[in-house]
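> To start, I am sharing the structure in question, which I have written as structure tokens.
None of the figures in this text is laboratory data; all of them are computed from the coordinates on show. Owing to the predicted nature of the structure, the values given are computational and were not obtained by experimental measurement. Cβ sites come from the backbone with ideal geometry, for glycine too, and all protein chains shown count toward neighbours.
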Amino acid sequence: MNPIQEKVAACLKEIRKITDFVPEVALILGSGLGALAEEIQIQETIPYEKISGFPLSTVEGHAGRFVLGTMGETKVIIMQGRVHYYEGYAMSDVVLPTRLMISMGAKIVFLTNASGGVNSNFKPGDLMLIEDHISTFVPSPLIGPNVEEWGPRFPSMGEVYNQGLRDLILSVAKEENIPLQRGVYLQTTGPAYESPAEVSMLEKLGADVVGMSTTVEAIAACHMGAKVCGISCVTNMAGGSAKNPLSHQEVAEMADKAAPLFKRLVKRSIEEMKE
Ligand code: HPA
């Protein structure tokens, strides 16, 4: 077995010692959005440190545990706190939790994140349905020997964010009167925020928002045949300036502010994802 596959298998074995829970949806919570885990009828929580070999997050505001339970009738596993490439992990470790949750049975991966607005029509506090992504600025999580049981060597990325799930989220947003932008998410490695010149470059490339996560998890999930969807919380306009430098605190504060609408949209959407 290839070492990456072995690592996922070992983590799965550890989880199966604790629970036989089979999730339908895997939900990954972004920076400052951890409170969403309050929306679940909890059956079990598993701190990451209980799973030996599991990559542990070091970022402030990332709790670091799986929360298992139900939203409505839908069985969900929530990743409260993710690991980022900028923390120094191999990209295969960054996507290990995604692969693990799919190996537990999840057929849908719901990605959330905080991002900087690149599209000048966006404003801090906006929510954006991710329609597509640009992942060109980060290494592919699929580099290395391919695991044929997971997916093909050269997977298509023609529709990473599933159209049916996008339609479902849009209709929930409409029903609930929640304003929802749509657009393209671009991932950088971080951890530095973008310079003004970089922001104008990203705009020319077709990005609507920029962040430091998500596209690699989407690629790994898509590779394994899971359906993917995602919502981004625009916490700030990308770039900042000499007068108004960007800070992690600003990002966290705006994520907090947007949390009530964000929670409602994600929870209601997941409830509708019952098969
Ligand atoms: N840039 C990159 N990542 C981010 C930003 C940003 O402006 N805001 C929140 N995450």
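> Starting from the amide H of Leu186, placed 1.01 Å from N in the peptide plane, find each other amide H under 5 Å away whose residue is 5 or more places distant or on another chain.
Ile134, Asp208, Val209, Val210, Gly211
> If neighbour count is taken as other Cβ atoms inside 10 Å, put Lys204, Lys7 in order from fewest to most.
Fewest-to-most ranking of Lys204, Lys7: Lys204, Lys7.
> How much length would be gained if the chain were fully extended between Glu148 and Leu56, taking 0.36 nm per residue of separation minus their Cα-Cα distance, in nm to one decimal?
30.4 nm
> Please compute the Kirkwood hydrodynamic radius over the chain, one decimal place, Å, based on all pairs of different Cα atoms.
Answer for the chain: a Kirkwood hydrodynamic radius of 18.6 Å.
> So, in Å, what gap is there between the alpha-carbon centers of region 77-99 and region 8-56?
12
> Can you compute the modelled spin-label distance between Glu73 and Ser241, with each label point 7 Å from Cα toward Cβ, in nm?
5.3
> In the neighborhood of Ser92, defined by Cβ-to-Cβ distances under 15 Å, what is the net charge if each Lys or Arg adds +1 and each Asp or Glu adds -1?
Every neighbour counted, the sum reads -1.
> Oh, and also: Which one of Val94, Val209, Val147 has the biggest mean-square fluctuation once the chain is modelled by GNM with Cα springs under 10 Å?
Its mean-square fluctuation being the largest, the pick is Val147.
> Here's something else I'd like to know. Counting other C-beta atoms within 10 Å, which of Asp208, Asp256 has the fewest, and how do the rest follow?
Starting with the residue having the fewest Cβ neighbours, the order is Asp256, Asp208.
> Would you mind ranking Leu127, Leu56 so that the residue whose beta carbon has the fewest other beta carbons within 10 Å leads the list?
Leu56, Leu127
> Per DSSP H run of n ≥ 4, the term is -39500 (n - 2.57); total these for the chain, divide by its residue number, and report the mean residue ellipticity at 222 nm rounded to 500 deg cm²/dmol.
-9500 deg cm²/dmol
> Considering only DSSP beta bridges where both residues belong to the chain, give the percentage that are antiparallel (nearest 5).
Beta bridges within the chain, antiparallel portion: roughly 40 percent.
> When a/c is below 1.5 the answer is rounded, else prolate if a/b is larger than b/c, else oblate, so apply that to region 194-258 with a ≥ b ≥ c taken from the square roots of the Cα gyration tensor eigenvalues.
Oblate.
> Moving on to the next point. Under a cut-off of 16 Å between alpha-carbon atoms, report the aspartates and glutamates in cross-link reach of Lys174, not counting same-chain residues fewer than 8 places apart.
Correct list for Lys174: Asp126, Glu271, Glu272.
> Which loop-located GluC sites (Glu not before Pro) does region 104-213 contain, where loop means any DSSP state but H, G, I, E or B and the Cβ has at most 15 other Cβ atoms within 10 Å?
Those that pass, being in a loop and sparsely packed, are Glu148, Glu149, Glu159, Glu176.
> Defining a contact as two alpha carbons under 8 Å apart and six or more residues distant in sequence, what relative contact order in percent does the chain show?
Once normalised by length, the contact order is 26 percent.
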